[in-house]
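The values are calculated or read from the model by the stated rules, or taken from the named source; none is laboratory data. As the structure is a computational prediction, the values presented were derived from the model and not from experiment. All Cβ positions, glycine included, derive from the backbone under ideal geometry; neighbour counts span all protein chains shown.
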Ligand SMILES: Nc1ncnc2c1ncn2[C@@H]1O[C@H](COP(=O)(O)OP(=O)(O)O)[C@@H](O)[C@H]1O
Ligand SMILES: [Mg+2]
């Protein structure tokens, strides 16, 4: 769906983006991850031509973006700006309706779509007549998302979409975001400096440093097959928790004991982390899991830890 090929951008002496190449598949969520200043925003903005690269090419739907009319291109791409970027003197309704107005939708269609979206994003109807500064950070964030989604673009670019929020709000909005049907049919490129966020939301993660790609792969690949020291060290602080979250019961299945006493069964697609949480919060000594072959195993907390350690020591991911 999106192909970025050997793209570079310099600002005077600063090489903001250096020979960056990646593909984004249809309906995939690719996360650009890296510390501040590594070139994430610049990369993102080149996709909708807010910035033109010095070098390289970007192709969307088989067509080079420079051969497309900029306005037409941007109409097909929703954009959530870093720091939300709502228009302060527009009401919430006006903020969301900017693109439909440009597209000359009729009033009724705009109104219906705006109402549909605020419902989906859990914003109160009473907020429509308010101005951005009268809303909480979390609500403003939802408005930013509504504005990007309003014309139902196939591609969505999101720059630190949860960056302006406190940690608690962030975590809960992220969960909602993951469950939002409207986002599941979109091809998304999302920027973040937050490792946990990248792992939670990304189908694949593109880890960047100093304008270059260090590694691109699934969360599992980044964790268990780091390609260099940078990639390894970048995740080290959160490694254990990430591993528990990324691995599922299926992944460690063969290392779990075979005991079964059929009780309520959970899917083996559950992450090791969630299984640990469940064991902790319920008072069961074990949980029963069933995999795709309809095999069943009963698993205690100790079984989980043992199987997890075995998985790591088997060396299949070295
Ligand atoms: N308009 C600009 N003029 C000069 N330097 C810029 C400009 N935009 C970005 N840069 C520089 O390019 C580098 C990458 O910036 P950016 O893409 O915004 O990084 P990130 O989004 O990863 O924090 C940084 O060193 C930044 O200072
Ligand atoms: Mg940025």
Practice prompt. Could you list, in sequence order, all residues of the range 177-194 that are assigned to a loop (DSSP other than H, G, I, E, B) and within 16 Å of ligand 2 (Cβ to nearest atom)?
Written response: 193, 194
Discussion item. Residue under question is residue 143, and the condition is that it be more than 19 Å from residue 45 (Cα to Cα) and away from ligand 2 (no atom under 16 Å from the Cβ); does it hold?
Written reply: yes
Worksheet item: Going through the range 238-251 one residue at a time, which ones are assigned to a loop (DSSP other than H, G, I, E, B) and more than 14 Å from residue 222 (Cα to Cα)?
Response: 249, 250, 251
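Quick grid of which residues meet (1) over 27 Å from residue 203 (Cβ atoms); (2) at pLDDT below 95:
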| residue | (1), (2) |
| --- | --- |
| 236 | no, yes |
| 240 | no, yes |
| 249 | no, no |
| 260 | yes, yes |
| 277 | no, yes |
| 284 | yes, yes |
| 299 | yes, yes |
Worksheet item: Could you say which residue among 121, 117 is away from ligand 2 (no atom under 16 Å from the Cβ) and within 18 Å of the chain's Cα centre (by Cα)?
Response: 121
Worksheet entry | strands (runs of 3 or more DSSP E) contained in the range 1-81 and holding at least 3 residues in contact (Cβ under 8 Å) with a residue 60 or more places away in the chain and not assigned by TED's automatic domain parsing to the domain that holds residue 206 | none
Worksheet item: Does residue 131 meet the test of being farther than 20 Å from residue 39 by Cβ, more than 16 Å from ligand 1 (Cβ to nearest atom) and more than 17 Å from the chain's Cα centre (by Cα)?
Response: yes
Worksheet item: From the residues in the range 17-42 that are under 24 Å from residue 72 (Cβ atoms) and within 16 Å of ligand 2 (Cβ to nearest atom), which one is nearest to the chain's Cα centre (by Cα)?
Response: 30
Worksheet item: Just to be sure, is residue 45 within 13 Å of residue 211 (Cβ to Cβ) and near ligand 2 (Cβ under 10 Å from one of its atoms)?
Response: no
